[in-house]
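Report on the structure given below.
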Amino acid sequence: MKIGFIGLGNMGAPMALNLIKAGHELYVFDVVQKNIDSVLQHSNQKAIASTSLKALAQSKLDLIVTMLPAAQHVRSVYFGSEGILENVAPNTLLIDSSTIDPKTAREVSRAASSKGNAMLDAPVSGGTGGAMAGTLTFMVGGEESVFNANKSFFQHMGKNIFYCGASGNGQVAKVSNNMLLGISMIATAEAMALGVELGMDPKILANIINTSSGRCWSSDTYNPYPGVLENAPASRGYSGGFGADLMLKDLGLAVEAAKDVKQPVMLGGLANQIYQTFSKMGHGHLDFSAVIQLFKK
Ligand code: NAD
């Protein structure tokens, strides 16, 4: 297939490279030239660099994937005279894999459909490791027939592909999961710090939690206490992984989406404030499990 890929950052670059590996013809664009150069280099010059967003959109593509930081970037890429919707051929499928609020996802999708373009929101989980390995989880919202016709496309980049329902529901699934993750990480951090302060060895405490009722992904796969899990960011100075500022962004999306439907998210709201505090202290660049530093001496 002839594919356009916009946004070649930490996630987008490895996703684009997996599409090239699968044999697709890839037109790529990013506002940062070195990110384009890196994809050209890692694809042995197989990727085709577009000179602008408009040029990419006008390349008569089968589909376009966008992988951008936040809703304001998605708006600027899709709307406006130089943007995708003004310039794309009507039969090109549009897939946005950025994590954004469900309301914006639905608005962009409606605008695309009024121009004759089908659109799916397809945020991911699995991090940069999953993007490189091609094992991402995709949560997809939009017309079911469009999803069914394109499910195999996602398998070039991911392992678990879920249909979530109408447009925007992929983002609903994503913000719900990440709100739970933010809460469970803070809870794990608080429990680990308490146990150690009261005299427990952190590894023994983690082993007990992980075979008891407190077990969760934050405790058994991504434990925030340094030295408990060799491969977790906690054991390498909280570098790499999923940034605390990205968690703050996702918690903000959850709280905002909840406000729209007057749904209480008490722990999600508190988790949002805790990550905001952590970010204000200058730690937003660290992995989100570093939030345990708020509970340690
Ligand atoms: P990133 O900041 O590394 O990459 C975003 C890319 O978009 C950058 O290369 C940037 O230059 C480019 N960009 C910004 N504005 C643009 C524009 N107008 N036109 C073209 N390119 C533009 O971010 P990332 O870590 O790759 O994350 C992308 C999305 O995926 C985010 O919404 C994030 O929340 C989500 N996500 C990230 C992770 C993760 O672990 N990093 C995991 C799951 C989901």
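A few remarks follow.
- Counting only helices (runs of 4 or more DSSP H) that sit completely within the stretch 48-127, those holding 3 or more residues that are more than 22 Å from residue 172 (Cα to Cα) and over 17 Å from the mean Cα position of the chain (by Cα) correspond to 53-57, 84-87.
- Selected residue (criterion: modelled with the lowest pLDDT) from residues of the stretch 1-33 that are within 11 Å of the ligand (Cβ to nearest atom) and part of a loop (DSSP other than H, G, I, E, B): 10
- The stretch 72-88: number of residues that are within 9 Å of the ligand (Cβ to nearest atom) and either of a type in the set (D, E, K, R) or buried (at least 22 other Cβ atoms within 10 Å of the Cβ) (or both): 2
- Of note, residue 288 does not satisfy the criterion of being surrounded by 22 or more Cβ atoms within 10 Å (Cβ to Cβ), under 13 Å from residue 182 (Cα atoms) and free of Cβ contacts under 8 Å to residues at least 60 places away in the same chain.
- Taking the criterion of being farther than 15 Å from residue 123 by Cβ, buried (at least 19 other Cβ atoms within 10 Å of the Cβ), touching a residue at least 60 places away in the same chain (Cβ under 8 Å) and aliphatic (A, V, I, L, M), the residues of the stretch 1-12 that qualify are 3, 6.
- Within the stretch 128-154, residues that are closer than 18 Å to residue 106 by Cβ sit with their Cβ atoms under 8 Å from residues that are of a type in the set (Ser, Thr, Tyr) and surrounded by fewer than 20 Cβ atoms within 10 Å (Cβ to Cβ), at 6+ positions apart or across chains, in these pairs: 139/125; 140/163; 144/163; 147/163.
- Criterion applied to 161, 186 was being surrounded by 14 or more Cβ atoms within 10 Å (Cβ to Cβ) and under 28 Å from residue 65 (Cα atoms), and the one residue passing it is 161.
- Subset of the stretch 89-104 that is surrounded by fewer than 24 Cβ atoms within 10 Å (Cβ to Cβ) and among the charged types (D, E, K, R) - its residue that is farthest from residue 127 (Cα to Cα): 103
The values are calculated or read from the model by the stated rules, or taken from the named source; none is laboratory data. Given the structure is predicted, the values throughout are model-derived calculations rather than measurements. Cβ coordinates were reconstructed from backbone atoms using ideal geometry, including for glycine residues, and neighbour counts include every protein chain displayed.
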